[in-house]
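See structure below.
The values are calculated or read from the model by the stated rules, or taken from the named source; none is laboratory data. The shown structure was predicted, so the numbers you read here are calculated from the model rather than taken from an experiment. Neighbour counts run over all protein chains shown; Cβ positions are idealised from the backbone, glycine included. Accessible surface areas use protein heavy atoms only, side chains included; no ligands, DNA or RNA. Shrake-Rupley method; radii C 1.70, N 1.55, O 1.52, S 1.80 Å.
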Amino acid sequence: MRYWFPYPLLSLALLMLWLLINQSFSPGQIVLGSVLGIAFAWAMVNLQPDKTRLKNFGVLAVLAGHVAIDVVRSNIAVMAVILRAGKRPVNSGFVAIDISLRDENALALLACILTATPGTAWLEFDRQTGVLLIHVLDLENGAAWSDLIKRRYETPLKEIFE
Amino acid sequence: MNHLTDLPAWAAIPVCILLLLGSVITLVGSMGLIRLKTFYGRLHAPTLGASAGTILICVASMITFAVLQNRWILHEILIIVFIILTTPVTLMLLGQSALYRDRIEGKNDVPGKTTGEQPDTSGMDI
């Protein structure tokens, strides 16, 4: 089974993607989508991605909720900064955060979260030292930002992935 | 022009609000590219359009066509997912190349490599 279907979830996701794009649930499209899903899963084997198992779906749901709130909040905050940029100097700066996450997929998810919330930009992650360098647009206190990201994102990601 | 006038008022109002909000947010993000004065500040501005702008405009599109065609329209979700998945790649590439250049030239108070200390956050006023 594992040989023929190396990444069953990925194949299923690709099938869903195919059906969504084609907007149809006809048997022909389902067959075509399944064939493509299985074929791409084989291609994925050659890329040798890190195997990770999601462990805690409750935490994942809570994290998704937090991210949704933060996206709304930071959008409003960044809009305010841009609109006031003429009158008030923008106080932005770099923040270095020690991160103990090592799982590649978790780091990728963290990068998506930090980018999707405007106001924080991922600049660099050093795999040896585990230091993540981000740039914050409206910086009041670097230590507070570092704490916030560790508590709000890193801790749940560790629970989910490791 | 087409059958957009068939859209009933109860659907047209939220669609208009969503579209306007999404476009205004994207516009403010584009203005940010001019108003913010450093490269790193400018990295933040387009994410407004990439996150809230895209989501609001896609939701408006979903509602419009779901009401007009009387069925669930979901492929805008794919647009949102792919934009959220792919923007980090571009932004990281841009950010890292800027970081690399600034470190070599010693500009913009960029924190050095391999040091874990709290970087200097004064002097970064835009």
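For the protein assembly as shown, the Cβ-based charge dipole about the Cα centre amounts to some 260 debye (Lys, Arg positive; Asp, Glu negative; other atoms uncharged).
Mean silhouette area of region A:8-47, derived from the convex hull of its C-alpha atoms and averaged over all directions, reads 2.5 nm². Shielding of peptide B:36-46 by partners, expressed as the average count of other chain Cβ atoms within 10 Å per residue Cβ, is 6. Work out the P(r) tail for chain A: percent of alpha carbon pairs separated by more than 26 Å, whole number. Across chain A, Cα pairs with separations above 26 Å total 46 percent. Quick one: among A:Lys55, A:Lys87, A:Lys150, which has the greatest mean-square fluctuation in a GNM of chain A with alpha-carbon springs under 10 angstrom? Among A:Lys55, A:Lys87, A:Lys150, the largest GNM mean-square fluctuation belongs to A:Lys87. From its DSSP helices (H runs of at least four residues, each -39,500 (n - 2.57)), the protein assembly as shown gives a residue-normalised ellipticity at 222 nm of -20500 deg cm²/dmol. Cα extents for region B:3-105 along the principal axes, largest to smallest and rounded to whole angstrom: 60, 26, 16.
Since only A:Ile76, A:Leu133, A:Ile113 are under comparison, the one whose Cα sits farthest along the positive direction of the charge dipole of region A:13-162, derived from C-beta charges on Lys, Arg, Asp and Glu, is A:Ile76. Basic side chains Lys and Arg get +1 at the Cβ, acidic Asp and Glu get -1 at the Cβ, and with that the dipole of region A:1-158 about its Cα centre reaches some 260 debye. Residues considered: A:Leu63, A:Leu110, A:Leu19. Largest GNM mean-square fluctuation over chain A, using C-alpha springs under 10 Å, is found at A:Leu19. The charge dipole of region B:3-105, taken about its Cα centre with unit charges on the Cβ of Lys, Arg, Asp and Glu (plus for the first two, minus for the last two), comes to roughly 300 debye. Taking a straight Cα-Cα cut-off under 22 Å and skipping sequence neighbours fewer than 8 places away in the same chain, the lysines within cross-link reach of A:Lys87 are B:Lys37. Ignoring lysines fewer than eight residues from A:Lys55 along the same chain, the ones with Cα atoms less than 22 angstrom from its Cα are A:Lys150, A:Lys158. D by Stokes-Einstein for the protein assembly as shown, Kirkwood Rh over Cα pairs, 37 °C, 0.692 mPa s: 155 µm²/s.
Between A:Ala41, A:Leu54, A:Gln29, the Cα set farthest toward the positive side of the dipole of the protein assembly as shown (charges on each charged residue's Cβ, about the Cα centre) is that of A:Gln29. With protein chains left intact and a 1.4 Å probe, residues in region B:1-75 average 55 Å² of accessible area per residue.
With a 1.4 Å probe and all protein chains left in place, how much of the accessible area of the protein assembly as shown comes from carbon and sulfur atoms, in whole percent?
68
Sorting B:8-17, A:98-107 by average packing, meaning the other beta carbons within 10 Å per residue, from highest down gives A:98-107, B:8-17. For region A:57-116, the alpha-carbon radius of gyration amounts to 1.44 times the rule-of-thumb value 2.2 N^0.38 Å expected for a compact globular protein. GNM on chain A, alpha-carbon springs under 10 angstrom: the most fluctuating residue among A:Gln128, A:Gln23, A:Gln48 is A:Gln23.
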